[in-house]
Each structure stands twice: as C-alpha cells, then as structure tokens.
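Student: What follows is a single structure, and I will ask about it in a moment.
Nothing in this text is a laboratory measurement; each read-out follows from the coordinates by a stated rule. Being a predicted model, the structure only gives us computed values, none of them experimental. Using ideal geometry, Cβ is built from the backbone for each residue, glycine included, and neighbour counts are taken over all protein chains shown.
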Amino acid sequence: MSDTATSDTRPTLVLTGASRGIGHATVKRFSAKGWRVITCSRHAFSDKCPWPMGPEDHIQVDLSDPENLTVAVEEIRKRMKANGSRLNALVNNAGISPKGPGGERLSSLNTSMNEWRAVFQVNFFAPILLARGLFDELKQAKGSVVNVTSIAGVKVHPFAGTAYASSKAALASLTREMASDFGPHGIRVNAIAPGEIDTSILSPGTEDLIEDIPLRRLGLPEEVADTIYYLCSPRSSYVTGAEIHINGGQHI
C-alpha cells in the first residue's frame, strides 16, 4: 500500500472460534495489547464478546464447508489490504466435539462416518487450509500460527469423543510438520493443549476430575490466552514446533 499514512500499523490476529471461552479470553488479551483482531465463526458477531471494531472485523463462516473457507480467506485478505494491515498471527481455536443423543461420549464403536468427516474438517483440515491460504501474508510479517489441540489428544478422556481426540492428536502432528515446512519462510508454528478449563461449555462431571489434576483446580481461559499471546509475541521468537500443555499437570 503506497499511502502509509492510512495504513493500519497495529499487529493483526486472525482467530477462529472467538465467541466464548478460550476464544473470548484471547480476543480480550490481544485487544488490550493494541492488536487488531479479525474473528471467524459460524455464528454472527456476539455482543457477549464485545471489543473495539468487533462487528466490523468479524467474518461469519462455516469451517465445516471447504468452499466457505476459500471465501473466508479471500475476505480476510481483502479486509487487510484495504488498510495495509500485516498478518502477525493466526490462531486456530475453533473445534467441535459431537455427543450422542443423550449427551454421552461417542466412542470408536458408535461415531458415524459423517461425524468423523465433520470433526476432521473443522478441527484438522480448516487449520491447514487457513494457514496455507494466508501463507503469503504470514510470510510477509514473519508471523506465528498457533493450533489449539487438547489433552484428549494424548490420553483417553471421559467426555471428549473418539473423533475429537483423534483430530486433536492429528493436529499436534500437523503442527510439527507445519513448523518444519513454514520455518524456512520465517513463520513459527506451535500448539497449545488445554486440559480442563473453566468455561461455559464444560461437560457435567468435570469437577470430579479435579482430584486427578496435580494443581487441584480447573484452568482459567485467561491462563490459556496468556500462553497464546506469548507464542505470538517476539518473546517466543525461537520457539517453533512446540506443543505446550496447559492442564495443571493432568497429562503427567
């Protein structure tokens, strides 16, 4: 953009799954630090998660539809080009974990193939498609990608279903591959693996797991957001290919 006087010099974050929990806390953390935040969600902008420029910088997109992802990438590019923004970070936070008719965990014996495909499209394919689609923008800014995996990717979880757990394990492996492939272009790729975080979407009975957590408490969304911010900041400039466990020691 030739007219630098009108360029938006703030660092820019693209975040999927921003309307609640970890996503909401992440939006607040980056906004407080002066970042521009562009959010992507299958829901319309929520006034429950307000921040400056929120409605203007929200893109409603169904990540389970590959065609919608292409449209979203083009929309992100257009919005950034309009005011000369640079893409400093992409955080792939959106994820789905379907349940049975009574809210029960879906195992490898009763998860339908349609559910397997939907889960992997959102939890696994969307992150790499977004990162590849925005590769040039990330390269220009020497940006950072953070994939949100899960403790369910490393151990069988009482509530997270098989498809969800498998997709998160695959995303952890993909993070390492991306770090190797994107690194020579100056782009860092890391993952965070949250455990039991105190949000509105906790499954009933989560409190019973506290006795198995060495720190004997649930995590806070703000604690996860702080780690995401660290991985997107210059303070982590030599960190790539890592998966940081944020679970109070539950994985040990």
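Student: Compute the acute angle (0 to 90°) between the alpha-carbon long axis of helix 66-82 and the principal axis of greatest extent of the alpha-carbon atoms of the chain; round to the nearest 10°.
Tutor: 40 degrees
Student: Taking the 0 to 90 degree range and rounding to the nearest ten, how far is the long axis of helix 221-232 tilted relative to the main principal axis of the chain, both from C-alpha atoms?
Tutor: It works out to around 50 degrees.
Student: A follow-up question, please. Sorted by mean Cβ packing within 10 Å, highest first, what order do the peptides 103-116, 162-175 take? Don't jump to the answer; show the numbers that get you there.
Tutor: Working: 103-116: 13.2, 162-175: 21.7.
Going from most to least packed, we get 162-175, 103-116.
Student: Counting each DSSP H run of 4 or more residues in the chain as -39500 (n - 2.57), what helix-only mean residue ellipticity at 222 nm follows after dividing by all residues, to the nearest 500 deg cm²/dmol?
Tutor: Details: 7 runs with 85 residues, N = 252.
My calculation for the chain gives -10500 deg cm²/dmol from helical runs alone.
Student: In segment 66-192, how many lysine pairs have Cα atoms under 27 Å apart, counting only pairs 8 or more places apart or on different chains?
Tutor: Final tally of qualifying lysine pairs is 9.
Student: If you place +1 on the Cβ of every Lys and Arg and -1 on the Cβ of every Asp and Glu, how big does the dipole about the Cα centre of the chain come out, in debye to the nearest 20?
Tutor: Values: 26 positive and 26 negative charges, 113 e Å.
Here the chain has a charge dipole of around 540 debye.
Student: Quote the charge dipole size of segment 120-193 about the Cα centre in Debye, to the nearest 20; the model charges only the Cβ of Lys and Arg (+1) and of Asp and Glu (-1). Mind dumping the intermediate values first?
Tutor: Values: 7 positive and 4 negative charges, 34 e Å.
Charge dipole of segment 120-193: 160 debye, to the nearest 20.
Student: Using +1 at the Cβ of each Lys and Arg and -1 at the Cβ of each Asp and Glu in the chain, identify which of SER108, ALA72, TYR229 lies farthest towards the dipole's positive end.
Tutor: With unit charges placed on the Cβ atoms, the residue in question is TYR229.
Student: Name the residues whose placed amide hydrogens come within less than 5 Å of the amide hydrogen of VAL14, ignoring near sequence neighbours (fewer than 5 apart) on the same chain.
Tutor: Long-range HN contacts for VAL14: ILE38, ALA89, LEU90, VAL91.
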